[in-house]
């Protein structure tokens, strides 16, 4: 049995990030509005997916390492966010706790129609499966993707 090439593994990991990102948008379309920290978790997935596109044309050990870093980053943010939801530690004042971080927003900002119809707090669980919230699942799956990136890096 032949093993996968580093480039192929990196492409699988990048595709995994693209799928997790797409899944986040599907949940959003189903009515699960994202909080500020949810958006933070999306950026590294987008970066990892873009790295995969570049690796198609330019296979590079540096790009594989950056893909691993992106996957690790979103996993860490997801784990932190899950801890905020469980009240293990405090989250950003702007989206958790007593909502005092919202005091800096103007009435126009709060009433804008071009944003989601409600402010979503980072310390509230909006959906869970098997007692793990979306950020927790993101942390788990992203850690697995990070492992794939690291194996690809080791093989390159």
Could you tell me how many of the residues in the stretch 126-154 are surrounded by 15 or more Cβ atoms within 10 Å (Cβ to Cβ) and closer than 14 Å to residue 7 by Cβ? 5
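Check 90, 117, 98 and return the single one that is part of a loop (DSSP other than H, G, I, E, B), modelled with pLDDT of 90 or more and either exposed (fewer than 13 other Cβ atoms within 10 Å of the Cβ) or at positive phi (or both).
On the way: 117 fails: modelled with pLDDT of 90 or more; 98 fails: modelled with pLDDT of 90 or more.
Step by step, each of 90, 117, 98 is checked, and only 90 is part of a loop (DSSP other than H, G, I, E, B), modelled with pLDDT of 90 or more and either exposed (fewer than 13 other Cβ atoms within 10 Å of the Cβ) or at positive phi (or both).
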Given the condition within 13 Å of the chain's Cα centre (by Cα) and in contact (Cβ under 8 Å) with a residue 60 or more places away in the chain, answer yes or no: does some residue in the stretch 52-66 qualify? no
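The values are calculated or read from the model by the stated rules, or taken from the named source; none is laboratory data. Since the model is a prediction, treat every value here as computed from it, not as a measurement. Quick reminder, even Gly has a Cβ in these numbers, built from the backbone with ideal geometry, and neighbours come from all protein chains shown.
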